[in-house]
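All remarks here apply to the structure that follows.
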Amino acid sequence: MRKKMGAAVVGLAVTAVSLLATGSASSHGYTDSPISRQKLCANGTVTNCGNIQWEPQSVEGPKGFPAAGPADGAICSGGNGQFAQLDDPRGGAWPTTKLTSGQSHTFRWQFTARHATTDFRYYITKNGWNPSQKLTRAALETQPFLTVPYNNQQPPATLSHSGALPSKSGRHVILAVWTIADTSNAFYSCSDVQF
């Protein structure tokens, strides 16, 4: 009986390692530069976050943003009700990352599981948006200010890429969207910034 149990455990471990190595396991990731709401919850900077504090990498929702994807008001949570705390504007009081308008910034993603990737897109709120309301498409500029094609490749555990920030002033939200190539989903990450 022990030999059978041991063989079963070894078999499961080999299967799990194989899935991770081939990229067939579910993909997960978040931005930590600028720091995302989910990372602020995971590191304890922001409290009363619910389940996202244990799963900052799990904000997955339908891809195709902005034509498809999560509904308005549920963009930061990727449309996942269990992560709805990310959609709460908290009266515009989420901690911000200070950025310089028009300058280059290095965006960084952390991945706990990797997957073939179509691209990374970065959107920003319009001037005059209301930081005390949930994020909607109408609050965002219609086009991403940065798109990084990834040609169906699998990213490393940490991925950085640089791009010019738009000319903005005051408080804004940057929405980062990681589009997965071989599933119907994308990952969403909202970062509160101050120019």
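The values are calculated or read from the model by the stated rules, or taken from the named source; none is laboratory data. The shown structure was predicted, so the numbers you read here are calculated from the model rather than taken from an experiment. Note that each Cβ is placed from the backbone with ideal geometry, even for glycine, and that neighbours are counted across all protein chains shown.
The criterion of being surrounded by 14 or more Cβ atoms within 10 Å (Cβ to Cβ), more than 13 Å from the chain's Cα centre (by Cα) and farther than 22 Å from ILE52 by Cα holds for LEU140. Each residue in the range 76-90 was checked for being within 13 Å of CYS41 (Cβ to Cβ) and crowded, with 19+ Cβ neighbours inside 10 Å, and 6 of them qualify. Taken over the range 143-153, the residue count meeting the criterion of being surrounded by 16 or more Cβ atoms within 10 Å (Cβ to Cβ) and more than 24 Å from VAL193 (Cα to Cα) is 1.
Taking the condition part of a loop (DSSP other than H, G, I, E, B), loosely packed, with under 13 Cβ neighbours inside 10 Å and modelled with pLDDT of 95 or more, does ALA67 pass? Answer is yes for this residue.
Only one entry in GLY73, GLY61 is within 26 Å of HIS161 (Cα to Cα) and not aromatic (Phe, Trp, Tyr), namely GLY61. Name the pairs whose Cβ atoms lie under 7 Å apart, with the first residue in the range 88-99 and under 18 Å from ASP32 (Cα atoms), the second loosely packed, with under 15 Cβ neighbours inside 10 Å and of a type in the set (Val, Ile, Thr), and 6 or more positions between them or separate chains? From the range 88-99, the pairs are PRO95/THR45.
In the range 30-64, what residues are outside any loop (DSSP other than H, G, I, E, B) and out of contact with any helix residue (DSSP H, G or I) (no Cβ under 9 Å at 6 or more places or on another chain)? The answer is SER33, ILE35, LYS39, LEU40, GLU60, GLY61, PRO62.
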